[in-house]
1. Please give, to one decimal in nm, the separation of the simple spin-label points placed at Glu294 and Gln438, each 7 Å out from Cα toward the Cβ.
2. Pull out the extension gain between Thr173 and Leu259, defined as 0.36 nm times the separation in residues minus the alpha carbon to alpha carbon distance; nm, one decimal.
3. Compute, for Arg122, the solvent-accessible surface of its heavy atoms (probe 1.4 Å) with the complete set of protein chains present, and express it in square angstrom to the nearest 10.
4. Could you give me the ³J(HN,Hα) list for the stretch 648-656, computed from phi with Karplus coefficients 6.51, -1.76, 1.60 and θ = phi - 60°, whole Hz, x at Gly and Pro?
5. Suppose the chain between Glu106 and His69 were pulled fully straight at 0.36 nm per residue; how much longer would it get relative to their current alpha carbon spacing?
6. If the chain between Glu431 and Glu663 were fully stretched, how many nm would it gain, using 0.36 nm times the residue separation less the Cα-Cα distance?
7. So how do 608-618, 646-656 stack up, highest first, on mean other-Cβ count within 10 Å?
8. What are the residues whose amide H is under 5 Å from the amide H of Val669, where those residues sit 5 or more places off or on another chain and H is modelled from the backbone?
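The values are calculated or read from the model by the stated rules, or taken from the named source; none is laboratory data. Values in this document were obtained by computation on a predicted structure and should not be read as measured data. Backbone-built Cβ (ideal geometry, glycine too); neighbour counts: all protein chains shown. With ligands, DNA and RNA removed, areas are computed over all heavy atoms of the protein, side chains included. Shrake-Rupley method; radii C 1.70, N 1.55, O 1.52, S 1.80 Å.
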Amino acid sequence: MTGKTFKVRLTPFNIALLYTILGGSWIFFSDLIIAEFLADPTLLGRSKIISHWLFLVVSSQALYWLIRHRETMFERSQESLFRVNRALRFFSECNKAITWDREEPELLRKICRILVMLGGYRLAWVGLARHDRDKSIVPVAYWGRDEGYLSQLRVTWDESDTGRGPAGTAVRTGQTTAVQRIDSNPTFAPWREEALRQGFASAIALPLREGRETFGVLVILAGEPDAFNLDEISLLEELADDLSSGIATIRRQKEQDRLKEEQMLLAAVIAQEAEGVMTFDPDGTIQYVNPAWETICGVPAADLVGKGMHDLDCSRSCRELYRAMQQAVERGETVAGTFVCHRPDGSRFEIDARISPVRGHADAVVRYVAVIRDVTHEVQLEEQLRTAQKMEAIATLSGGIAHDFNNILAAIITNTELILDDLPEHGTEREHLRIVLQAGLRGKNLVKQIRAISQQPCHERQPVRVEQVVEECLLLLRPSLPAIIEIRTVVAPNLATVSADPTQLHQVILNLCTNAAEAMQNGDGLLEIRVEPFHHIAPCQKDYPGLPTGHFLCLTIRDTGHGMERAVLDRIFDPFFTTKGQGNGTGLGLSVVHSIVRNHGGTITVDSEPGRGTTFRVFLPQLEHPSRPETTTIRPPAQGGNECILLVDDEADLVFAGRKMLERLGYEVVTGSDGREAFELFIEQPERFNLVITDQAMPYMTGEMLAREILNVRADLPIILCTGRETLPDGGSSWQKIREIGIRELVAKPYEREEMTRIIRQVLDGPAPADNTSWPVS
C-alpha cells in the first residue's frame, strides 16, 4: 500500500514543489550553516561559491532521482495496467464461454486456450481430483506448450511430495496457491527440472469448488518469474469461481437432461406397457392412467384422471381392488393380490394387482402407484389344464375298470334275459328281473359315459347342420319345460355345416339346455339359444384359450337362472361333480359334453355369476367343403339259425350265458376258455365251424392272435371280436387293420341279445358292406 501512496504523490507538480522547497531551504539556510562551521571571513566568501556549486550538484541529482523514480513508477503502472486489461479481456472471454458452452470437456479446453492465447501464459490445464487410493489429480483439458510435460506429470492431493505442489495444495486446502519462482520454491521440486526445461518460471493453482467440496484445479504456468500480482490473482480467483459454477451448471443440466430422458423413456414404456398403471395421491385423486389400464378396465382415461377413487363406478364394480387401494393408503405399504372385476359392459375379468407407495424427501409418501395385469387368459388356461389333467386321470381309471366291469354287466344282462325267457309273462318274478335288467343297462350306459369323457372319438362323423339339431332338441324339450320359461332361438342365415356325430351333438345340446332349465325351475326365466358363425384369430383374441385360428360355428346357450359361484365354476367340468344333491345326478353330464366338444376339435366356455345367469358357448369348426350326408342302411330283423359257432372267453360266466343264449337261438355252440384251447378245438375239425366269436383280452393268446391263426387255416371263416374296452389294449391294432386281418365285426361289451343276434346273422348271411367300418355302439 506504501508504494501505491508514493506513486500517487510523485506527480510533476509534486516534483516541482519538492524542488522549490529544497532550493528555497538552501538559499535561506546554507549561509547560516556554513558560517557556523567557518569563522574565517575569507573562507566564507569562497564558501558561497562552493555552496552554489554544491547546490547545483545536489539539486540536479535529486531532480534526476525524482524524475527517474516517477518514470519507473509509470512504467510499472503501465505494465500492471496492461496485465489487468489483459486479465479483464480473457476474463470476459472466459465468461462468454462459461455462459454459452454446454459440454464440459469443450468448455475446459476453451478456457485453457483463452488463458494462453489472450492471457499470454505458456500453459494452462485443468485437472479433476480422483477419490482413488492414490488421491490422484488427472489432467482432462489443456492448452499451450506441452512437450510431454503433462504426460509425465504425476500429481496427487495427499500429503506426499507429489501432493505438496500448488495443484495438490489447492485441492487439499481449497485455497489458491501461487509459486512465483519455480527455480527456488521447494514445493515444486518433483517437477522443477522438467518445468524449467519447458521454460516455465512461475505457476498458480486455483481450486474448482462446488459448495465446500473441491473437485478440481485450474493450473496456469507463466514464462517469467513473479508473473502473478495481487490484482491478477484476484481476477483469476474470480474466474475460477465462475468456471466452477459453469461446470456445476453443466453437470446439473446434464443430470436434469438424463433424468428428463429417463422420465420420457419411462413414460413411453408405461404408455406402451401391457400392464395397466394408475397413479393417485394420498387423498385418492387419480393423476394418471396409461392406455393399458383403459383397455383392461374398459374405462377411458378422461373419466378417471382428476377424479377421486371414492366417486368412481369402478370402486363398486371392483370392490376388492378398491379395498386393497384403501389398505395401501392406510398402511403406507405395498398391497398385492388377485381380484375379480367387471367392466362397464358387464364382462368379467381377473387381474393381478400391486399397489405401492412412492416416497419423496424425508421418506414421506407423495403418491401411490397401482399396477394391474390381466390374467383372465392365464386363469382360463390353468382351468383347462386342470380339467385336462382330471380327464386324463378319469381316462386311466375308466380304461382300467371298463373291461372287468363290462364283463360283469354282460353276464348280468345276458343271464337276466335268459331267465326272463323262461318265466311266465305275468309272473311276479319278471318284474324284479326287469328291474335287474334295467339296472344292468343303466350300468352299461354309465360305463359308456365314463369312457366318453376321455376316449378319442370312435363315432361316425358326417356333415351336420347344427340349427336342425337345435330344432330337433327343442321339440323334445318344450313339453318337459315349465310354461313360464321363455325359449328364444336366434339363428344366423346361411350357416355352414360341421363334421359331427348327430347323436353326440344331440347329447350336448340336450344336456346344456336341461341344466339351464333346472337353474330356472324356481321362477320364470329366459332360455336363449343362438347359432352364428365366428371367425377366430388366435393371437389377437384371448377370450377363448385353446381355440385355434379358423372359422367356427358358435352355439350359445344362455339362461337367466341363479348362476354359479366361482368355486362351482372351477369344478363345473369335473367328472362326478354335481350340485343337484345326492340321487339327483351322476355328475357326468358336463364332463361328457366337454369331452364330446373337445373330440370334435372345438372348445366350450362358460361364464356365470350368482344372480346373473349362465352362458355356455360351444365352438365347432366349420366344414369348408361339406360332403353329402351318408344314407342310413336299413338292417333286416334279427333271427336265429342252426350254424356251428365257436365261442371263446376266459370269463366262465360269460361263456355260460353266451352258450345258453346262442343255443336258444338254434345254434350249435362249442366253447373254449382261452385262445390256446379254442385253437386246439378248431384245428381238430376246421370245417365244422361256421363262425368264431372270441374275446380280445385273454391269457396266453389274445383274440386278435387267435383270429390270425384261425384265418391262416381257413381264410373264409367269419370272426367276431368282442372287447370290454372302447379301444384295444396296448399292442392292439386299429379297427381298420383288424378288418384287413379278416375279422368281420368288432362288438363292444356288454351287448344285448338283440344286438348280438343281428350281428351274427349279418356276418353269416354275407360280408358286411364296404363302407360299414364304424364302431358298433352298445
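1. The modelled label-to-label distance comes out at 6.5 nm.
2. Values: separation 86, 0.36 × 86 = 30.96 nm, distance 3.33 nm.
Result: 27.6 nm gained on full extension.
3. 90
4. 10, 6, 8, 8, 4, 4, 5, 5, 4
5. Values: separation 37, 0.36 × 37 = 13.32 nm, distance 4.70 nm.
Here the answer is 8.6 nm.
6. Numbers: separation 232, 0.36 × 232 = 83.52 nm, distance 2.50 nm.
Stretched out fully, the Glu431 to Glu663 stretch lengthens by 81.0 nm.
7. Values: 608-618: 18.5, 646-656: 20.5.
Listed from highest to lowest mean packing, they are 646-656, 608-618.
8. The list, which skips near neighbours in sequence, is Ile645.
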